[in-house]
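The values are calculated or read from the model by the stated rules, or taken from the named source; none is laboratory data. None of these values were measured; they are calculated from a predicted model. A quick note on method: Cβ atoms are made from the backbone with ideal geometry, for glycine too, and the neighbour counts reach across all protein chains shown. Protein only, heavy atoms only, side chains kept; ligands, DNA and RNA dropped before computing areas. Shrake-Rupley method; radii C 1.70, N 1.55, O 1.52, S 1.80 Å.
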Amino acid sequence: MESRFMKRAVELSRLAFDAGEVPVGAVIVKNGEIIAEGYNRREETKRAISHAEIEAIEAANKALGDWRLDGCSIYVTLEPCLMCAGAIAAARIDEVVFGAYDTERGFVLSRADINSLTDKKITVFGGIHEDECKNLLDLFFKEKLRK
């Protein structure tokens, strides 16, 4: 687990924030290199599934020419939801590193253990750069409430 990858995910979450999207960013890493990135784009695409993790997984599939992402790690600024946890498990990603916990919708550790979705063991690290990730989310929703 490397801090620089989470820092890049935070940068992507800021792009989402600036675009009026819920500020979540994700990167997928293989062999110590970022192979794919994504951030929330639901408002832009008008697609419910345009979460940061799904965007990054699709980009990684294209980059590797395979639906299997064995040997990959995903770094994401918010604990993945049920849909994204399922996609991570289905893609056979080895490791999930996330920033802020999502006690209402998080299906990696908070509401459920991602390893209950698959027979492959997924290593999980939560709370990485948590304050930075959480503060941007809090700011986004405070601004939304003011409007």
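Before moving on, here are some points about what is shown:
- Conditions (1) touching a helix residue (DSSP H, G or I) at 6+ places or on another chain (Cβ under 7 Å); (2) open to solvent by less than 40 Å² (accessible area, probe 1.4 Å); (3) on the phi < 0 side of the Ramachandran plot: number failed by Ala48: (2)
- Residues that are among the aliphatic types (A, V, I, L, M) and part of a strand (DSSP E or B) were ranked within the stretch 72-101; the one that is farthest from Ile35 (Cα to Cα) is Ala100.
- Qualifying residue in the stretch 108-128 (condition: under 18 Å from Ile49 (Cα atoms) and either open to solvent by less than 30 Å² (accessible area, probe 1.4 Å) or in contact with a strand residue (DSSP E or B) (Cβ under 6 Å, 6 or more places away or on another chain) (or both)): yes
- Leu69 meets the stated requirement of being more than 15 Å from Gly38 (Cα to Cα), in a loop (DSSP other than H, G, I, E, B) and open to solvent by less than 30 Å² (accessible area, probe 1.4 Å).
- Checked against the criterion of being modelled with pLDDT of 95 or more, in contact with a Ser or Thr (Cβ under 7 Å, 6 or more places away or on another chain), part of a loop (DSSP other than H, G, I, E, B) and within 19 Å of Gly126 (Cβ to Cβ), the stretch 8-21 has no qualifying residue.
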